[in-house]
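First the structure, in the form of C-alpha cells, and then the observations on it.
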Amino acid sequence: MPRPWGSVSCPVIFPVPPLPPPPPSPPPPLLLLLLLLLLLLLLLLLLREREREREREKGQREWERENFKQAPHSVWSPTWGSGFMWDVADQLKAMLVFAEHRYYGESLPFGNKSFKDSRHLNFLTSEQALADFAVLIKHLKRTIPGAKNQPVIAVGGSYGGMLAAWFRMKYPHMVVGALAASAPIWHFGNLVPCGVFMEIVTKDFKRSGPNCSETIRSSWDAINRFARTGAGLRWLSEALDLCTALTNTEDVQRLKAWISETWINLAMVDYPYESDFLQPLPAWPIKVVCQYLKNPSVSDAQLLQNIFQALNVYYNYSGQASCLNISETTTSSLGTQGWSYQACTEMVMPFCTNGIDDMFEPHLWNLREFSDDCFKQWGVRPRPAWIITMYGGKNISSHTNIIFSNGELDPWSGGGVTKDITDTLVAITIPEGAHHLDLRARNAFDPTTVLLARSMEVRHMKQWIRDFYASLRKKH
C-alpha cells in the first residue's frame, strides 16, 4: 500500500536540542515562529541523511551563532535544510523549529521496546502527536525571550501537511495559519474513489511518453506467463538482474509489488531537475523511464528486458548497483514501522486498481482482509472512520487560514484539497508539481508555476501575521 513519507515527527514529547538564546534585546518587531510539522518519513530523507547531517551539525551550529550576531531579531534551529522554509523564515525573520513525531527517528518513548506490541504502541496516534506540538509551542514561547506574544505558523508536507492542517483545526489558538503541502486529508473512507491514486500515477506515465503506461500494463501478464515454469522463473531472475532468484509464486507476487512501488515512487519524485530524495534520479525521471517503454506489442522477453532498463533508471542511475534487490525498497529506512502501525489503526487509506483506468493489475479494496493482516501483524483492528470523525472529513468550512498546495503530478493530490473551500481555506495547484515540490529548495529549473505557488503561500502568511498584530493592538 502506498504511504505518504513522508515528507515530514516525541521520548514521548520532543527531542528538540536546546536553542542558544539570542543576544539580550527588546522584543523584536517581528518574530514569527514557524513550526515545521514534518514526519521523518515524509518530507526529506532524513534517516538516510542523518549521519552526514551529524557530521555537519557543528558547522550548522556555528552558522547559527553567526546568524544571531548578524540578525539579533532572528531565531533559528536546525531543520536539516528544508529548502523553501529556510527562505521563508529568512524573509519573516522567523525561528524555524523541526518537531519530531513520537515513535519516529529517535523519539521512542519505550526505547527499543517501543514497537514490541500494541500495549507499547497505544500512544502512537496523530491526535497525541498534535498535543505534543501544542506543548512544544507553549514551551518555546515560555522559554525564548521575545516569543511570548508572537504568531506561529504550522508547515508540513505529505503526512506532515496533514498534521499541519489538523493542528490549525484542533489548536487554532496556537497557530495563526497552516501550510499543508501535498496533504491527502480526504483519502479516507469514501471521501474520494479508492482508485484515484493509481489513476494519477498512470496519467503521469501516459503523458511522459507514447505507449508508456500501456507497456507497463502489458508487463504484468508477461511476468505471469514466464512465472508458470521453473525455467521462466530463472529467466526472469537473470533478465531483471535480481540479487536473489525467484523460486515460487510468493516471490513473483513480491516482485510485482516491488515493481509497482517503483512506478508509484517515480510519480511522487517526478521533479524537473536531478534529485536524490529517494534515489539519485535524472530530471523528469518518468520521461527517461518512458524512453524504454514505447512498444507494448513486442515479445514478452523483449518487453521485460525493456522493463529492466526502465527499472535501472530508478535503482541504478548512479551505475553502482550490482543487482536489484526486491527485498528492499527505497522507503524501507523511512520509519516504516510507525507508519505501518498507524495505517492499521487510524490512517486507513483505501487503495484499489482495475487495470483499465490504471496500468496496474486489478486489486479490490477489501477492508476485512486488510483488518486481518493488521491483526496478524500488530494485534489491532483498524478504525476506518476515525480520521473523518476526528478531523471532519469534507466538513471543514468553519476553519480558517489553511493553505492546501498540491502538484497535479503527485498521486496524493487525488486525496487532497484542490479547490478553494472558503476565502481563507485556499487551494493552490501546481500543474508541473510532484510531491510537495513547493517545499523543496529553490532550483534554476523550477517551473514558473511553483515559483508562483511559493509567492502566494508567502503572501498568505504575511497576511496572517498582519491580522495577528492588528488583533493584538486592539486588545491593548
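What the table shows:
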item	result
For W339: the one exception among (1) in contact with a Gly (Cβ under 9 Å, 6 or more places away or on another chain); (2) of a type in the set (F, W, Y); (3) on the phi > 0 side of the Ramachandran plot	(3)
Which listed residue is within 24 Å of the chain's Cα centre (by Cα), outside the structural domain of T125 (by TED's automatic domain parsing) and either surrounded by 19 or more Cβ atoms within 10 Å (Cβ to Cβ) or of a type outside the set (D, E) (or both), from N306, N354, N316	N316
Identity of the residue in region 378-423, over 22 Å from the mean Cα position of the chain (by Cα) and part of a helix (DSSP H, G or I), that ends up modelled with the lowest pLDDT	W378
Residue satisfying all of: in region 107-133; hydroxyl-bearing (S, T, Y) and at pLDDT below 95; farthest from R381 (Cα to Cα) among these	S107
Unique residue being aromatic (F, W, Y) and part of a loop (DSSP other than H, G, I, E, B) when the list is F360, F308, F375	F360
Number of the exception - S327 against (1) surrounded by 14 or more Cβ atoms within 10 Å (Cβ to Cβ); (2) in a loop (DSSP other than H, G, I, E, B)	(1)
Of all residues in region 272-319 being touching a helix residue (DSSP H, G or I) at 6+ places or on another chain (Cβ under 8 Å) and charged (D, E, K, R), the one that is nearest to L451 (Cα to Cα)	K287
Qualifying residue in region 262-278 (condition: out of contact with any Pro (no Cβ under 7 Å at 6 or more places or on another chain), of a type in the set (D, E) and assigned to a helix (DSSP H, G or I))	no
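The values are calculated or read from the model by the stated rules, or taken from the named source; none is laboratory data. In this text, all values refer to a predicted model and were calculated from it rather than measured experimentally. Here the Cβ is made from the backbone with ideal geometry for all residues, glycine too, and neighbour counts use every protein chain on show.
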